[in-house]
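Visitor: Got a structure for you, questions after.
Read-outs: derived from the displayed coordinates by stated rules, not from any lab. None of these values were measured; they are calculated from a predicted model. Here the Cβ positions follow ideal geometry from the backbone for every residue, glycine too, while neighbour counts run over all protein chains shown.
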Amino acid sequence: MRLGILASHGGSNMQAIIDATKSGVLPAQVVVVIGNNAGSMAATRARNEGIPFHHLSGRTHPQFEDLDEQICRVLVDSRVDVVVLAGYMKKVGPRTIDRFSRRMINIHPALLPRYGGVGMYGIRVHQAVIDAGDDVTGVTVHLVDAEYDRGPIIAQCRVRVLGSDDVESLAARVLTAEHDFYVETLCRIVSGELDLDTLR
């Protein structure tokens, strides 16, 4: 399976996926990385791994429609089978979503549908969990559609919220879970155990 990754910042989930492909745990290949931040750690990681990196953003394509078209073109030209969002902080355009319908996945640091939607990302999600007094949070892998965090859920895993947790400690523990769970879920997709076409 040929994977294309969209990433914006640190790229640690992307690195976990790349490492899994290199070790043989994940029978797939990351063939292209697209990012909206040319100076990001994700860009550096891609270059260090010898994976083509494309900086595509409002800076390179001021018109959203043009940006959407170019992202789609790069993914198609790279013969990507599944698009993986790994900390991608921009909205994906309709052309790309349509072309990769049910072949584009995202990971969210909470148990959707709780703590999802516009503005709910990163530390904001973990702060909301702590403010609510929840004793369990987790990770959700879901299909990407036109609505933020509303696509069909593929898989979820739970992470305990400890009484001693602050936002930073909870975020770190959830991120560690993300690394393993994203790889595990991709393995299940590649093997056919999870059929993206049958999700509702």
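Visitor: Using +1 on the beta carbon of Lys and Arg, -1 on that of Asp and Glu, and nothing else charged, what's the dipole of the chain about the Cα centre, debye to 20? Don't skip to the end; give the middle numbers.
Guide: Numbers: 21 positive and 24 negative charges, 79 e Å.
That gives the chain a dipole magnitude of about 380 debye.
Visitor: Using only alpha carbon pairs under 8 Å that are at least six residues apart, calculate the relative contact order of the chain and give it in whole percent.
Guide: On the way: 364 pairs, mean separation 40.4, N = 200.
Taking the mean separation of contacting Cα pairs over the length of the chain, I get 20 percent.
Visitor: Another question, then. In whole Å, what is the distance between the alpha-carbon centres of the range 155-200 and the range 44-116?
Guide: Using only Cα atoms, the two centres lie 20 Å from each other.
Visitor: Additional query: Got the relative contact order for the range 87-176 handy, in percent, Cα pairs under 8 Å and 6 or more residues apart?
Guide: Relative contact order comes out at 31 percent.
Visitor: Let me ask something additional. With θ taken as phi - 60° and the coefficients 6.51, -1.76 and 1.60, list the Karplus ³J(HN,Hα) couplings across the range 20-31 in order, rounded to whole Hz; mark glycine and proline as x.
Guide: 5, 5, 5, 7, x, 5, 10, x, 8, 9, 7, 9
Visitor: Let me ask something additional. Give me the percent of DSSP beta bridges within the chain that run antiparallel, rounded to the nearest 5.
Guide: Working: 11 of 27 bridges.
Here the antiparallel bridges make up roughly 40 percent for the chain.
Visitor: Based on the mean of other beta carbon atoms within 10 Å per residue, what is the order of 164-176, 96-108, most packed first? Kindly include the intermediate steps, with their values, before the conclusion.
Guide: Numbers: 164-176: 15.3, 96-108: 20.0.
Descending mean neighbour count gives 96-108, 164-176.
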